[in-house]
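Below: the structure, in structure tokens.
The values are calculated or read from the model by the stated rules, or taken from the named source; none is laboratory data. None of the values given here were measured: they were computed from a predicted structure. Cβ placement follows ideal geometry from the backbone for every residue including glycine, while neighbour counts extend to all protein chains displayed.
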Amino acid sequence: MVRRLFLMMTVWCAVITGWAQKPNIHILATGGTIAGTGASSTQTNYTAGQVAIGTLLDAVPEISEIAQVTGEQVVRIGSQDMTDEVWLILAKRIQELAEQDEVDGIVITHGTDTMEETAYFLTLTVKTGKPVVLVGAMRPSTALSADGPLNLYDAVVVASAPESKGKGVVVAMNGLILDAHSVVKMNTTNVQTFQSPNSGALGTVYNGKVHYDQVSLKKHTTFSVFDVTTLDTLPKVGIVYSYSNIEADMVEPMLNNGYRGIVHAGVGNGNIHTHIFPVLEQARAKGIQVVRASRVPTGPVTLDAEVDDDRYGFIASQELNPQKARILLMLALTRTNDYRRIQQYFNEY
Ligand code: GLU
């Protein structure tokens, strides 16, 4: 009888302690509009990255009810100024944090302009099943109906949720949870800017709860072969945006300036103008990789369809837009210069 009573009390204590134990979420702040301040509440002219992480958190005291939050400022920039160097710093720091038992999830506050690129870089390079969530805002913290506070709260909810484990790096913005491979900034000013136009959102976050509808079938995080832990730089890869009447002199400088890869943002299904096709062939002859992506916002660029990729040694980007194709090509080039192997990466990641 005494033993049973003792057992019941132990279970009861565990339940209470479980309730009291909030997840430990670490926030890495990088700047952007979520930390922006403007002179007026009705105009969105502002300077990005002004507000420190502590001030951001003070604006959302509700977060302390759901998680134990710690934070650090990594950089304070508008994400239009994002660099490979900052990505490498972020990836290494997230890896360190994710390996600590006491860290349950990581949130990165970030400008929205290049958020999809950072998310994709991190999902390919960070090896963890713990939630890693990027968040930002479209309106500065001083604007009427600033979206940052709720977005930050939601991001902590997503990072705290056991259901978010193993989903890869995600973006949590305006109620949607979007995977790094498919998320795209679709609107220059609207708060509902982030979408996954090819595959749809992974799920939603609403009223402090997450709901997932699907998982990404692409390789990421613990399934990714890419490792940047010992790298200080990444191979140089640039993007050429195509248009009617494009001339060869737009692309020729890329043959002699240290580029190891060119992503061609082509028309339609990645088509290439006859004015620049010979330059891309010259690039291949020099050992520079050429990826055919598209300036069209949705749909894949398919292998050997309108262009005979195998004949020219080109790579088809599949569903990756040009800016994400650049990231996968950079990482692929850290492992191989064989276009067939690189194509395999584009099929899988
Ligand atoms: N251009 C800045 C950035 O991407 C601010 C835009 C934003 O965060 O929405 O950081």
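Remarks
- Of the residues making up the range 170-188, those that are part of a loop (DSSP other than H, G, I, E, B) and in contact (Cβ under 8 Å) with a residue 40 or more places away in the chain are Ala180, His181, Ser182, Val183, Met186.
- Selection status of Lys167, modelled with pLDDT of 95 or more and either of a type in the set (Ser, Thr, Tyr) or assigned to a loop (DSSP other than H, G, I, E, B) (or both): yes
- Looking only at the range 44-82, and only at residues there that are loosely packed, with under 12 Cβ neighbours inside 10 Å and among the polar types (S, T, N, Q), the one that is modelled with the lowest pLDDT: Asn45
- Criterion applied to Ser145, Ser160 was being more than 11 Å from the chain's Cα centre (by Cα) and surrounded by 24 or more Cβ atoms within 10 Å (Cβ to Cβ), and the one residue passing it is Ser160.
- Only one of the listed residues (Ser145, Ser141) is small (Gly, Ala, Ser) and touching a Lys or Arg at 6+ places or on another chain (Cβ under 8 Å). That residue is Ser145.
- Taking every residue in the range 61-81 that is more than 13 Å from Ile25 (Cβ to Cβ) and pairing it with any residue that is among the polar types (S, T, N, Q) and within 16 Å of the ligand (Cβ to nearest atom), at least 6 positions away or on another chain, the pairs with Cβ-Cβ distances below 6 Å are Val74/Thr30; Val75/Thr30; Ser79/Thr114.
- Matching helices (runs of 4 or more DSSP H) fully within the range 274-339 where at least 2 residues are in contact (Cβ under 8 Å) with a residue 24 or more places away in the chain and over 29 Å from the mean Cα position of the chain (by Cα): 277-285
- Lone unmet requirement of (1) among the small types (Gly, Ala, Ser); (2) within 30 Å of Phe346 (Cβ to Cβ); (3) in contact with a strand residue (DSSP E or B) (Cβ under 8 Å, 6 or more places away or on another chain) for Ala161: (2)
- Being within 16 Å of the ligand (Cβ to nearest atom), more than 19 Å from Val183 (Cα to Cα) and part of a loop (DSSP other than H, G, I, E, B) is not true of Ala137.
- Per-region count, the range 57-78, residues within 16 Å of the ligand (Cβ to nearest atom) and either polar (S, T, N, Q) or on the phi > 0 side of the Ramachandran plot (or both): 1
- Residue match in the range 79-86 (condition: β-branched (Val, Ile, Thr), away from the ligand (no atom under 16 Å from the Cβ) and out of contact with any helix residue (DSSP H, G or I) (no Cβ under 6 Å at 6 or more places or on another chain)): no
- Candidates Thr123, Thr142, Thr112, Thr128, filtered to the one that is assigned to a loop (DSSP other than H, G, I, E, B), more than 15 Å from the ligand (Cβ to nearest atom) and either under 14 Å from Ala35 (Cα atoms) or modelled with pLDDT of 95 or more (or both): Thr128
- Search result, residues across the range 87-108 that are within 16 Å of the ligand (Cβ to nearest atom) and of a type outside the set (A, V, I, L, M): Trp87
- Checked against the criteria, Thr118 counts as within 14 Å of the ligand (Cβ to nearest atom) and either part of a loop (DSSP other than H, G, I, E, B) or of a type outside the set (Lys, Arg) (or both).
- Restricting Thr118, Thr204, Thr125, Thr188 to residues that are surrounded by fewer than 24 Cβ atoms within 10 Å (Cβ to Cβ), more than 26 Å from Lys22 (Cα to Cα) and of a type in the set (Val, Ile, Thr) narrows the list to Thr188.
- Scanning the range 237-273 for residues that are surrounded by fewer than 16 Cβ atoms within 10 Å (Cβ to Cβ), among the small types (Gly, Ala, Ser) and part of a loop (DSSP other than H, G, I, E, B) turns up Ser244, Gly258, Gly268.
- Yes/no for Leu280 being buried (at least 17 other Cβ atoms within 10 Å of the Cβ), closer than 23 Å to Trp87 by Cα and aliphatic (A, V, I, L, M): no
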